[in-house]
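I have placed the structure first, in the form of C-alpha cells, so that the comments after it can refer back to it.
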Amino acid sequence: HKNLSIFTPDQVELAKMLLEMEQGHLFENWPDPGVDDDEKICFIDQVALLNSSYPGGLISYVKTARELLADSKEGKNPFDGFVPSVPSGEILTFGDDKFMKYEETGVKQVQNAAFVLVAGGLGERLGYDGIKVALPMETTTGACFLQHYIESILCLSEASCKQTQGESRRDVPFVIMTSDDTHARTIQLLESNSYFGMKPTQVELLKQEKVACLADNDARLAVDPKNKYRIQTKPHGHGDVHSLLYSSGLLKEWKDAGLRWVLFFQDTNGLLFKAIPAALGVSASKEYHVNSLSVPRKAKEAIGGITRLTHADGREMVINVEYNQLDPLLRATGHPDGDANCETGFSPYPGNINQLILELGPYIDELSKTGGAIKEFVNPKYKDSTKTAFKSSTRLECMMQDYPKTLPPSARVGFTVTDPWLAYAPVKNNPEDAAKVPKGNPYHSATSGETAIYRANSMILRKAGVNIDDPVSEVFNGQGVEVWARVVWKPKWAVTFADVKRKVSGNNFISQKSTLVIKGSNVIIQDLSLDGSLVINSVDDAEVQVGGSVKNNGWTIESINKDDTTLPEEVRIRGFKINKTEQLEKSYSEPGKYTLNP
Ligand code: UGB
C-alpha cells in the first residue's frame, strides 16, 4: 500500500498486522500520500494505543472476538453443562458478637489494604450529566460520594493505626479507575477540594481505554461513522481494572511495601463503608483469596446473583451470574420459576454489589499468568434471526467480578452477606425507570440512595440504644420510600459500630422530624432529646458532651417536581429538597472540654 511510505517502521508493522488480521477495509478509500497525512498518522497512533492497552494486543482481541462471536451466533450458552445452586457464605448480622469481632479484626487490617474505586462509567441509566462520584451522597450536608469515600478511608486507616499501636503506619493507597468520560472531571473534583484531606501522593488515577468496535461476525473492526481515519471505540467494562493495576506496577509496589489486601468498590454506594471493616475481618479470619461482599437480593433486581456452578466434569466455582443471565440459567436447569423470591422474601442467591476483597499475594500470582485479562463476553444486537448482521457495532466487554473465573479449584473464594439495609444503596436509575421497578424491589435511584442513608444511620443509633421514632412513608418522583430522622455523621465521628457505641450513652431520643449532623470526632451524645435540627462542628481536640432538650422548627423535606428546570439536576433526580428552616448549630473551634445542655 502506497500509504505505508508515510509511516515509521513501527507504524508499518502495526499496519501490516492489521492487514494480516484481514482488516484491510480500514485502509479502503484512503487517498494517496500527501492527502490527509496528519489524519492517517492519527489513525495509526490510535491503532498503537488500542494495541498496547489490551492484554495480548489487537491480535488477541480480534482472535477472542471471532471465537465469542461464533459462539454467540451458534447460540452457545456460556453456562453449558453447569448446574447452579445456592452457595453458602458468612452471614453477618449487624451489631451482634460475631459482627463486632470481625469488625475489630478488619479494622486492624486496614493498614495493610489498598482501596480501588472503579469510576469510569458515565451512568447512562441515571441520565445525570456530571460524574457520579461528585453527586451529593445526601443533601443534608451535601457531601459528595468521593468526599465520603476518602474521609472513610482516612479515618479507617487512623483507627487501624491506633489499634495496632502504629505497627505499620502508612498512607493507605487509593486508586481511582477513570475513563475518557470521567478522567478530567475527577481530577478537577479532587484538585478543587484539596483531595478531601488525602495526600495527593496517596491517590493514583488509572485511566481505562476504550476498545475497538466490531462491525460483523468476522470481527472486522468498525470504522468510526464520523471519521474514516478512526476506528470506532466503546467502553470495555469495569473488568479493565485488573489489567490496569497489573500493568501500572502498583500491585508489585504494594506487595513490596507489605500490603495484604486490595478492596474494590463502585462509584455510588453511600452505605458501603459501614460493612467494610467486618467484611475485611471475614477475609482475614477465613484467609479468603477472594471475598465478595453481598446483600440479600430481590428476584429480578438489577444486581448479579452469587451462585455455585457445578459442571458434570467436576469443575466448580462460586461466581456472580449477571442479572440478565440468572433467570434463563435457572429456567434451563430445572427451576421453572426462574429468578424468584423464596420464603424469606428474597432470592436465595445473594446479590453481588461488586465490593471485592482480594488477597494481594494470590492476586499477583494469578495476574502474572493472565496479565490481568478477564474472561470477556460479547452481546451483539442482530438485525434478524439469521444472525448474520448487527443492528449497530458491538465490542467485547468484561466485568471485574469475573476475576475468579480463571482461578484454580484450590483458590479460597468466599462471600459475606450483610443485612439488607446496611451495605448497599446505589444511585443508578433515573426517576422514570426507578418508578417502574417492581413493587418491593429497591429503586437504586438518587431518592432511595439518600433515604437509605438516613435509615441506616437511624437503625445503627437504635442498635446503640437511642430511642428513634419510626419512619413515615412518602412518595418522591413516583417512588414510595420510608423517611427516617435525618441522622448524618462524618466518618471522623464513627467508622465502626464500636465507635458509635462508645460515643452514645444514657437515654437519648430523636423524633422523626429531626435532623442530627455530627461533624466533630470527639462528640459524646448523652441524654439528648432532639425534636428539630442540631448541628455540631468541632475540632479534634475539643471534647463535646451533647445532651438536654433541643426543640426547634428544624429542617423539612419538601417534595419537588423533577421537571422543574429551575432546580439543579442533583435535586431533581431526588424529587425532594431540604428546607433549612431552623436549627441549633454549635461550633467548637478551640481545644477543650465542653458541655452542650440546652
Ligand atoms: N465502570 C467502569 O469503571 N468502567 C466501565 O467501563 C463501566 C463501569 P454500573 P453494572 O452493584 O449494582 C455491576 O454500570 O455494570 C464502573 C455488576 O456487574 O453501575 O450494570 C462504574 O463507574 C452487577 O453484578 O453497573 O453492574 C461503576 O462504578 C451488580 O453488582 C461500576 O463500574 C451491579 O454493578 C459499575 O457499573 C451493582
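When the range 109-127 is filtered for residues that are basic (Lys, Arg) and either more than 9 Å from the ligand (Cβ to nearest atom) or without any contact (Cβ under 8 Å) to a residue 60 or more places away in the chain (or both), nothing remains.
On the stretch given as the range 227-263, residues that are within 12 Å of the ligand (Cβ to nearest atom) and not in a helix (DSSP H, G or I) total 7. Considering only residues in the range 357-376 that are within 15 Å of the ligand (Cβ to nearest atom) and open to solvent by less than 10 Å² (accessible area, probe 1.4 Å), the one that is farthest from Glu301 (Cα to Cα) turns out to be Gly372. What residue, among those in the range 128-152 that are touching a residue at least 60 places away in the same chain (Cβ under 8 Å) and assigned to a helix (DSSP H, G or I), is nearest to the ligand (Cβ to nearest atom)? The selected residue is Lys132. Filtering the range 424-479 to residues that are assigned to a loop (DSSP other than H, G, I, E, B) and within 30 Å of Asp527 (Cα to Cα) leaves Ala464, Gly465, Val466, Asp469, Asp470, Pro471. In the range 311-320, of all residues being surrounded by fewer than 22 Cβ atoms within 10 Å (Cβ to Cβ) and part of a strand (DSSP E or B), the one that is nearest to the ligand (Cβ to nearest atom) corresponds to Val318. For the range 424-442, a tally of residues being within 12 Å of the ligand (Cβ to nearest atom) and either out of contact with any strand residue (DSSP E or B) (no Cβ under 6 Å at 6 or more places or on another chain) or open to solvent by 10 Å² or more (accessible area, probe 1.4 Å) (or both) returns 6. For the list (1) near the ligand (Cβ under 10 Å from one of its atoms); (2) buried (at least 22 other Cβ atoms within 10 Å of the Cβ); (3) at pLDDT below 95, I need the number of the one condition that Ser294 fails. Looking at each condition in turn, Ser294 falls short on (3).
Cβ-Cβ distances below 7 Å connect the following pairs, each with a first residue in the range 517-545 that is on the phi > 0 side of the Ramachandran plot, a second residue that is in a strand (DSSP E or B) and open to solvent by less than 10 Å² (accessible area, probe 1.4 Å), and a separation of six or more residues or different chains: Asp527/Gly547; Gly532/Val550. Taken over the range 43-78, the criterion of being surrounded by fewer than 17 Cβ atoms within 10 Å (Cβ to Cβ), outside any helix (DSSP H, G or I) and either charged (D, E, K, R) or in contact with a helix residue (DSSP H, G or I) (Cβ under 8 Å, 6 or more places away or on another chain) (or both) is satisfied by Lys76, Asn77, Pro78. Of all the numbered requirements in (1) of a type in the set (Val, Ile, Thr); (2) closer than 22 Å to Lys503 by Cβ; (3) open to solvent by 50 Å² or more (accessible area, probe 1.4 Å), Val544 misses one, and that requirement is (3).
On inspection, Val282 qualifies as away from the ligand (no atom under 14 Å from the Cβ), modelled with pLDDT of 95 or more and part of a helix (DSSP H, G or I).
The values are calculated or read from the model by the stated rules, or taken from the named source; none is laboratory data. Keep in mind that this is a model prediction, so the values were computed, not measured. Note: ideal-geometry Cβ built from the backbone for every residue, glycine included; neighbour counts use all protein chains shown. Only protein heavy atoms, including side chains, enter the accessible area calculation; ligands, DNA and RNA are left aside. Shrake-Rupley method; radii C 1.70, N 1.55, O 1.52, S 1.80 Å.
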